[in-house]
Structures are given as structure tokens and as C-alpha cells.
């Protein structure tokens with residue numbers, strides 16, 4: 001029951017958060033974010049009760065709260081939540097797990113876009129990229145988020161050589177993704193079962209019937 005309630009509160013909080021972010025009325029936005037905050041806190045407390053403090057699900061709740069604080073422009077609180085999420089995940093899953101990379105990327109984004117801590121952000125982006133490549137390869141979809149973050153970061157500090165470098169890396173990543181999709185599509189075409197003779201005949205007759213009705 002606690003798990004179901006926890007998920008229900010979490011989904012409600014995330015929905016309110018999305019509505020608030022898209023809202024153009026500042027007063028309404030703040031009210032919705034505060035309501036989302038209350039739901040996130042309740043969901044976190046239930047998660048801690050159901051799973052304990054040192055659990056991946058609890059760590060995810062800390063991460064969700066961190067992103068909410070970021071939307072509320074409470075950056076120190078956001079930093080605290082993201083760091084807590086990383087610490088729990090590292091302790092449970094190790095230094096190079098996918099879940100760790102996600103939380104590391106979120107903290108990098110906070111440092112990069114909101115706190116101007118570019119050196120810390122750079123280290124975290126590079127760590128997230130290294131984990132992603134090791135686990136999923138050069139064409140991993142999550143790499144785009146980190147590459148774009150680094151482009152913004154290097155542009156902010158005026159390191160245009162690095163901006164150019166990561167624009168090229170991102171372009172190569174896009175080409176690799178396109179090739180991967182092309183291979184997947186080709187394999188799907190090959191694996192499609194050929195139509196039987198009866199199916200071909202029926203398809204032809206249906207097309208003739210349609211042509212006859214339209215003429």
C-alpha cells in the first residue's frame with residue numbers, strides 16, 4: 001500500500017511540476033511548484049518508510065526533489081538533493097552504474113545552467129559521458145544531453161576551441177545514430193515474413209475492387 005501511495009504522490013507531483021513550468025502566470029507557477037514540493041516530500045517520506053534510506057528508489061526521490069528545487073530556483077537545496085542521490089546510488093550500485101550517470105548528469109546541469117560552477121560541471125559531464133560510453137557504446141542516446149551541456153559550458157567560459165570540438169563530436173554522434181537506425185530498419189525489413197501467395201492475391205483483388213468502385 002505504501003509503495004502504491006508513494007508512486008501516486010510522485011506522479012501527481014511530477015504532473016503539477018510540468019504544469020507549473022509551462023505556466024505563464026508567476027503566482028500560479030509558484031503555487032503549483034509549492035504543491036508539487038509538498039507531494040514530493042510526502043512521496044520521499046513514504047519511500048524511506050517502505051524501502052529505507054539506502055535504496056535506489058529513495059535515491060530517485062531525492063533526485064526528483066533536486067530537479068524540483070532547481071525549478072524553484074533553490075539551487076543549494078537542489079545541489080544537496082542531487083549529491084545525496086549520487087551518494088546512495090554509488091554505495092548501492094558502484095561508481096559506474098547507469099543510475100549513477102543519470103544523477104551525475106543532473107548535478108552537472110545544475111552547476112552549468114544555474115550555479116556557474118563550470119569546472120565542477122565539466123568534470124561531471126565527462127564522468128557521465130565515460131559511463132554512458134562504457135555501458136552502451138558511442139551511439140548511446142543519453143550522450144546528446146551531456147554533449148550539448150558541454151557546448152553550452154565551453155561557450156559560457158569562452159573556450160571556443162572546445163565548443164568547435166564538441167560540435168564535431170555531436171555531429172559524429174548524430175551520424176552514428178542515423179546509421180544505427182538505418183541498420184535497424186533494414187533488419188526489420190529482412191525479418192518481416194513474406195506474404196503468402198493467397199495474401200498477395202487477396203491484396204490484388206482488394207485493390208482492384210477499390211479501383212472499380214472509384215471509377
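Working carefully through the options 76, 26, find the one that is farther than 22 Å from residue 145 by Cβ, at pLDDT below 95 and more than 19 Å from the chain's Cα centre (by Cα).
None of the other options fit; the residue is 26.
So which of 109, 103, 12, 42 ends up being modelled with pLDDT under 95, part of a helix (DSSP H, G or I) and within 21 Å of the chain's Cα centre (by Cα)?
Result: 12 is the single residue among 109, 103, 12, 42 that is modelled with pLDDT under 95, part of a helix (DSSP H, G or I) and within 21 Å of the chain's Cα centre (by Cα).
If I go through region 81-100 residue by residue, how many of them are over 16 Å from residue 54 (Cα atoms) and in a helix (DSSP H, G or I)?
Final tally of qualifying residues: 1.
Among residues belonging to region 151-173 that are surrounded by fewer than 12 Cβ atoms within 10 Å (Cβ to Cβ) and in contact with a helix residue (DSSP H, G or I) (Cβ under 9 Å, 6 or more places away or on another chain), point out the one that is nearest to residue 117 (Cα to Cα).
Only one residue tops the list, namely 160.
Taking the condition of being part of a loop (DSSP other than H, G, I, E, B) and either under 15 Å from the mean Cα position of the chain (by Cα) or buried (at least 22 other Cβ atoms within 10 Å of the Cβ) (or both), how many residues in region 126-150 meet it?
Counting residues in region 126-150 that are part of a loop (DSSP other than H, G, I, E, B) and either under 15 Å from the mean Cα position of the chain (by Cα) or buried (at least 22 other Cβ atoms within 10 Å of the Cβ) (or both) gives 3.
Can you tell me which residues in region 111-125 are under 15 Å from residue 81 (Cβ atoms) and surrounded by fewer than 23 Cβ atoms within 10 Å (Cβ to Cβ)?
114, 115
Answer with yes or no whether residue 125 is within 20 Å of residue 154 (Cβ to Cβ), touching a residue at least 12 places away in the same chain (Cβ under 8 Å) and not assigned by the TED database to the domain that holds residue 155.
No, not satisfied.
It is to be established whether one or more residues within region 166-187 are on the phi > 0 side of the Ramachandran plot and modelled with pLDDT of 95 or more.
no
The values are calculated or read from the model by the stated rules, or taken from the named source; none is laboratory data. Just so you know, these numbers come straight off a predicted model, no measurement behind them. Counting neighbours? That spans all protein chains shown, and the Cβs are built from the backbone with ideal geometry, glycine included.
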